[in-house]
Each structure stands twice: as structure tokens, then as C-alpha cells.
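First up is the structure itself, then whatever we jot down about it.
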Amino acid sequence: MCDYSLHNVKTRPAKVSDKLTTRNFGTGTRGFSASEDANVAVCILPGTELSFADEVRITGRNPWPDLINHKTAIFRQINQDNPRVHHDALEFPNGKLVLLTFLAEGQQATVLQLPAAPVGSKVPERAAYV
């Protein structure tokens with residue numbers, strides 16, 4: 001998914017093995033840009049697994065980014081009941097959730113795996129269980 005503030009930016013869906021970069025799109029939020037075009041926001045489905053080239057850095061109130069001490073994360077959407085806040089977040093192995101907009105710019109990530117099925121999808125009725 002792409003956060004609400006990226007709706008006026010050119011987008012495309014994420015694919016396995018995509019190389020992404022955290023970027024400020026000038027819309028009030030950060031997101032992932034495509035390696036082939038920094039002006040294209042890459043929209044990620046909840047449950048997508050990502051691997052970062054280095055330990056993830058977040059921006060805080062300090063002038064120096066804080067480290068998360070992890071290189072992997074799962075994309076999540078939070079605060080769905082409030083349309084006026086950021087929803088895109090990363091969940092780290094220690095359970096910590098960080099809004100994507102708080103990630104420092106310029107970090108490189110790779111899409112490891114997409115979710116097996118989009119959230120809310122149903123198993124086909126003809127499926128057989130063993």
C-alpha cells in the first residue's frame with residue numbers, strides 16, 4: 001500500500017527482489033522509491049518482508065538518526081481507523097513498530113517476499129484440505 005500522502009505521486013506495486021530506497025517525496029511523508037526511477041513510489045502490501053543493506057536508521061528529535069539494530073522488517077499498516085494519520089509501518093524482529101515516514105532517507109532495502117495472499121482474501125471454495 002502507499003500512505004495517503006503519496007496518492008498524488010506516480011506509483012507501482014512492489015515485486016520480489018525489488019531494490020528500494022527510502023525517500024522523502026515532498027508530500028509530507030517518506031516512502032520507498034523505485035531503483036529505476038526515484039520519482040516513483042513503490043507500494044507494498046501488508047506482510048511483505050524486507051531486508052535492509054544496513055541496520056535501519058530512524059529520524060528522531062535529535063539531529064542524528066537512531067539505529068533500530070535490525071536489518072529485516074515486515075511491512076504493516078496501522079491506525080486504519082484514523083484516515084488523517086500515517087498508516088505505513090515496519091515491524092522489526094523485536095516487535096517494535098516504526099512508521100515508514102520516520103525512516104532516515106537514502107536507506108537501501110530489498111523485497112524478500114510478498115504475502116501469500118492479500119489481507120481479506122478468501123480461500124477458493126473448490127480448495128481441498130488434507
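The values are calculated or read from the model by the stated rules, or taken from the named source; none is laboratory data. All values derive from a computational prediction rather than experimental measurement. All Cβ positions, glycine included, derive from the backbone under ideal geometry; neighbour counts span all protein chains shown.
Spot the failing condition for Thr21; the list is (1) within 24 Å of Asn8 (Cα to Cα); (2) at pLDDT 90 or above; (3) assigned to a loop (DSSP other than H, G, I, E, B); (4) touching a strand residue (DSSP E or B) at 6+ places or on another chain (Cβ under 7 Å), and only one is missed.
Every condition holds for Thr21 apart from (3).
If I ask for residues that are small (Gly, Ala, Ser), at pLDDT 85 or above and in a loop (DSSP other than H, G, I, E, B), which ones from region 56-84 would you list?
To start, the set of residues in region 56-84 that are small (Gly, Ala, Ser) comprises 60, 73.
When the remaining residues are screened for being at pLDDT 85 or above, the result is 73.
Result: no residue meets the conditions.
Pairs please, first residue from region 70-97 and free of Cβ contacts under 8 Å to residues at least 40 places away in the same chain, second anywhere and of a type in the set (Phe, Trp, Tyr), Cβ atoms under 6 Å, 6+ apart in sequence or on different chains.
Final answer for the pair search is His70/Phe92; Lys71/Phe52; Ala73/Phe92.
Considering only region 98-111, state which residues are assigned to a strand (DSSP E or B) and either surrounded by 15 or more Cβ atoms within 10 Å (Cβ to Cβ) or free of Cβ contacts under 8 Å to residues at least 40 places away in the same chain (or both).
Val98, Leu99, Leu103, Ala109, Thr110, Val111
Which one is modelled with the lowest pLDDT, of the residues in region 85-130 that are in contact with a His (Cβ under 9 Å, 6 or more places away or on another chain) and among the polar types (S, T, N, Q)?
Filtering region 85-130 for residues that are in contact with a His (Cβ under 9 Å, 6 or more places away or on another chain) and among the polar types (S, T, N, Q), the one modelled with the lowest pLDDT comes out as Thr101.
How many of the residues in region 48-59 are of a type outside the set (D, E, K, R) and touching a Lys or Arg at 6+ places or on another chain (Cβ under 8 Å)?
Residues of region 48-59 of a type outside the set (D, E, K, R): 48, 50-53, 56, 58-59.
This time we only want the ones that are touching a Lys or Arg at 6+ places or on another chain (Cβ under 8 Å), so: 51-53, 56.
Final tally of qualifying residues: 4.
Just for region 41-55: of the residues that are within 14 Å of the chain's Cα centre (by Cα) and in a loop (DSSP other than H, G, I, E, B), which one is surrounded by the fewest Cβ atoms within 10 Å (Cβ to Cβ)? Walk me through how you get there before you give the answer.
Residues of region 41-55 within 14 Å of the chain's Cα centre (by Cα): 41-52.
Okay, now just the ones that are also in a loop (DSSP other than H, G, I, E, B), so 44-48.
Details: Ile44: 27, Leu45: 15, Pro46: 17, Gly47: 17, Thr48: 21.
Checking each candidate, the answer is Leu45.
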